[in-house]
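Engineer: Handing you this structure, nothing more for now.
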Amino acid sequence: MSNLLEVYKLSKYFPVRSGLFNRKKKYVYAVDDISFSVGNRETLGLVGESGCGKSTASRTILNLLTPTSGEVWFQGKNMFEMHPRERRKLRQGIQIIFQDPFGSLNPRLTVERIVEEPLLTHGIGDRISRKQEVEKTLSEVGLLPEHMKRFPHEFSGGQRQRIMLARALILKPRLIIADEPVSALDVSVQAKMLNLMLRLQKQFELSYIFVSHDLGVIRHVSHKVAVMYLGEIVELAPVKSLYATPLHPYTRSLLSSVPIPDPHKKNRKKVILQGDVPSPRNPPPGCRFHTRCPECMDICTQKKPPARQIEDGHIVSCHLHSAGEIWSPPAPDR
Ligand code: SF4
């Protein structure tokens, strides 16, 4: 698969001032030196506990937050180094769906107006063609023409998430970043939404970055998975390889709480992590996971583990796997 999106050494630090006269400048290391790529018709699952930097990474990729450093290449173009007008045009190709279907839709606008809005913003079509496009897109996500004149509060959570999906789809994007798109929904509605997203992926040749804290959901939709902890990617692997042989102790602990959907196989032994996630304002030295890692060694408290490729495409940052070859992300084609 050729790469549609390349995220290269991307960081986002938020400055915070403290001390006398607010002079001391510190940083919240929300996203720290992350790299990955997403191919055409491919889904990358971005997983980790809340506060690990997944959502900040998504917003920085879209330039909704100004990056501290790094590059994002979309369709062979560096998004951070182009004229804002050109970037705005290219951004039509990347859309985002937010987690909260209740808070993300303007309660004063009809569904027709909400879904039409991206077309208006980009000056696409006239009144009649826009209306036809809205109707067509709503039917793609399983909503009816009579829903157009209704307001968001008249819909269930699942239907609102479909409205958000229609709003993202109307610009015919190549990539959708879905930030916890099903976590606010009931389990039965979650399954319908996930299946709809998979169908739309085939139909429109879409790629997704699927952000979630739920490894069960990630497994269902992803081709490859990046596991984030405290702003860093600690493991990146094809989905089969990650679920068959998780290498990082953090990934193993996350996976241990996911039931295996096979009655003949035993569930994994539960690994309960001690303590809370440290503050990204003051990340621990060495391996950032060492304060909670059940397999922590002396070296882990002092030396940051480099990323190593253990097998084809399976990359991990952990001193337990020092036999692998050191891995650097390939620089995007300039
Ligand atoms: Fe645990 Fe050490 Fe590996 Fe970090 S480097 S995950 S502390 S074993």
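Engineer: If you line up the Cα atoms of the range 3-326 on their principal axes, what length do they span on each, largest first, in Å?
Structural biologist: Principal extents (Cα only, largest first): 67, 61, 38 Å.
Engineer: Now for a separate question. Can you give the Rg to Rh ratio for the range 83-193, taking only C-alpha atoms and Rh from Kirkwood?
Structural biologist: 0.96
Engineer: Of the residues Q309, Q159, Q274, which exhibits the maximal mean-square fluctuation in a Gaussian network model of the chain defined by a 10 Å Cα contact cut-off?
Structural biologist: Largest GNM mean-square fluctuation: Q274.
Engineer: What do you reckon, how do R162, R150 stack up by accessible area (1.4 Å probe), largest on top?
Structural biologist: Final ranking, largest accessible area leading: R150, R162.
Engineer: Also: Taking only Cα atoms and a 10 Å spring cutoff, compute GNM fluctuations for the chain and point out the largest among G142, G231, G275.
Structural biologist: G275
Engineer: For the chain, what is the relative contact order in percent, using Cα pairs closer than 8 Å and at least 6 residues apart in sequence?
Structural biologist: Dividing the mean separation by the residue count of the chain yields 20 percent.
Engineer: Compute the whole-percent fraction of alpha carbon pairs in the range 192-334 spaced more than 19 Å apart.
Structural biologist: Summing the P(r) tail past 19 Å for the range 192-334 gives 58 percent.
Engineer: Another question, then. Determine the sum of side-chain charges near G70: Lys and Arg each +1, Asp and Glu each -1, restricted to other residues whose C-beta is under 14 angstrom from that of G70.
Structural biologist: Numbers: positive: K9, K12, R59; negative: E6, D32, D33, E71, E81, E232.
After counting each charged neighbour, the total is -3.
Engineer: On to the next question. Can you tell me the accessible area per residue over the chain, all protein chains present, probe 1.4 angstrom, in square angstrom?
Structural biologist: 50 Å²
Engineer: Ignoring ligands, DNA and RNA, what percent of the accessible area of the range 168-208 is carbon or sulfur (1.4 Å)?
Structural biologist: Carbon and sulfur: 55 percent of the exposed surface of the range 168-208.
Engineer: Okay, moving on. At 1.4 Å probe size, with no ligands or nucleic acids counted, give the accessible surface of V16 in Å², nearest ten.
Structural biologist: 40 Å²
Engineer: Students often get this wrong, so check it: of K202/K265; K89/K202; K54/K224; K136/K172; K54/K202, which have C-alpha atoms separated by over 20 Å?
Structural biologist: Numbers: K202/K265 31 Å; K89/K202 24 Å; K54/K224 15 Å; K136/K172 12 Å; K54/K202 25 Å.
Check vs 20 Å cut-off fails for K202/K265; K89/K202; K54/K202.
The values are calculated or read from the model by the stated rules, or taken from the named source; none is laboratory data. Please read all numbers here as calculations on a predicted model, not as lab measurements. Counting neighbours? That spans all protein chains shown, and the Cβs are built from the backbone with ideal geometry, glycine included. Just the protein is used for accessible areas: all its heavy atoms, side chains included, with ligands, DNA and RNA removed. Shrake-Rupley method; radii C 1.70, N 1.55, O 1.52, S 1.80 Å.
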